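Encoded as structure tokens, the structure appears first; notes follow it.
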Amino acid sequence: MEEITGQTTNDEYGVLSKIFSSRAVAQVLDFFLDHKEFDYSANEIAKKTGLSFRTIFREIPDLEHRQLIFNTRRIGKVNMYKLNVDLEAVGFLEKFSLEMSQIASREMDSYKPPLTERESKLLEELDSFSDNVMHHS
């Protein structure tokens, strides 16, 4: 914890821990990064992320305050929200997310168990079949 003139600040964990204060925030941001073209109601976000409406309703104000999402319009009594793609930090977040998913994908590929004898034979048959199709076309 930092201490400034005898006072304690809340900066002990840094800005990322404030933004990603819960796994739910990360899930909501992941959802918006994957669906940035449209706006969504809190109810739609809850359904698509598997989080409760109450959780979404709790997290939205902070995401709005940090300008990561914004209220695009109101349909009746329902607010619609969209990712703020004009915020430079969102672009960095998108790039970070993409790079981390590529790393995770490479890790998954390197942890694949070796093929069983049966799987190897099936792959050989498939390769042979595709070669025959290509040569007879």
Among residues of region 34-57 being part of a helix (DSSP H, G or I) and touching a residue at least 12 places away in the same chain (Cβ under 8 Å), the residue surrounded by the most Cβ atoms within 10 Å (Cβ to Cβ) is 56
Every listed condition ((1) aromatic (Phe, Trp, Tyr); (2) in contact with a Ser or Thr (Cβ under 9 Å, 6 or more places away or on another chain); (3) exposed (fewer than 15 other Cβ atoms within 10 Å of the Cβ)) holds for residue 31 save (3)
Residue 85 meets each of (1) β-branched (Val, Ile, Thr); (2) surrounded by fewer than 16 Cβ atoms within 10 Å (Cβ to Cβ); (3) in contact with a strand residue (DSSP E or B) (Cβ under 9 Å, 6 or more places away or on another chain); (4) at pLDDT 95 or above with one exception, condition (3)
Residue count, region 58-82, condition surrounded by 11 or more Cβ atoms within 10 Å (Cβ to Cβ) and either acidic (Asp, Glu) or part of a loop (DSSP other than H, G, I, E, B) (or both), comes to 6
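The values are calculated or read from the model by the stated rules, or taken from the named source; none is laboratory data. Just so you know, these numbers come straight off a predicted model, no measurement behind them. As a convention, Cβ positions derive from the backbone with ideal geometry for all residues, glycine included, and neighbour counts pool all protein chains shown.
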